[in-house]
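Throughout, read-outs are computed from the coordinates displayed, never taken from laboratory work. Worth saying up front: this structure is predicted, and the values here are computed from it rather than measured. Positions of Cβ are generated from backbone atoms using ideal geometry, with glycine treated the same way; all protein chains shown enter the neighbour counts.
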Amino acid sequence: MSPHTYRQVIPTRELKSYEHHLLKHLLSLDFPAVANLRKQVNLLHVNEECEDCSSIGFAIEHSKAEAAQVIKTVPVEAEGYDLDSIKIHFLLIVVDGFIDELEIFREDLLQVKKLPPVETLEILVLDE
């Protein structure tokens, strides 16, 4: 996790609509491990939220999901822009084959003003 302050979400919560849509969009392109990651999305619950950024951490029941054989810890990311045209990065972090975190940050590291519509994000596959 980044140097931001995270708080535990107890009990864990379901994904918000934007979060679910964002994860589906991040996994919309094909790469070797994407099928297992796509299956994991519906099993995720949020167990951590960043207090000063938009990042979230996930819990998943490993017994209900198959590990994805990713090459990189960040197999895919997306980029978009905040209201003031500063680039925002959306990194999908996978640990031991399971979706662990969605890290969201501005290039200038200031707090995100408004998350852009998911459809406007450019996806970059890094796990090829």
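At a glance:
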read-out	value
Test set (1) crowded, with 19+ Cβ neighbours inside 10 Å; (2) in contact with an Asp or Glu (Cβ under 6 Å, 6 or more places away or on another chain); (3) not aromatic (Phe, Trp, Tyr) - ILE86 fails condition number	(1)
Failed item in (1) part of a loop (DSSP other than H, G, I, E, B); (2) within 17 Å of LEU121 (Cβ to Cβ), with GLU77 passing the rest	(1)
Candidates SER85, SER17, SER55, filtered to the one that is in contact (Cβ under 8 Å) with a residue 24 or more places away in the chain and hydroxyl-bearing (Ser, Thr, Tyr)	SER55
Output for region 91-117, where each listed residue is touching a helix residue (DSSP H, G or I) at 6+ places or on another chain (Cβ under 8 Å), of a type in the set (A, V, I, L, M, F, W, C) and either within 12 Å of LEU27 (Cα to Cα) or surrounded by fewer than 20 Cβ atoms within 10 Å (Cβ to Cβ) (or both)	LEU92, ILE99, LEU115
Considering residues of region 35-66 that are surrounded by 15 or more Cβ atoms within 10 Å (Cβ to Cβ) and in a loop (DSSP other than H, G, I, E, B) only, the residue farthest from the chain's Cα centre (by Cα)	ALA65
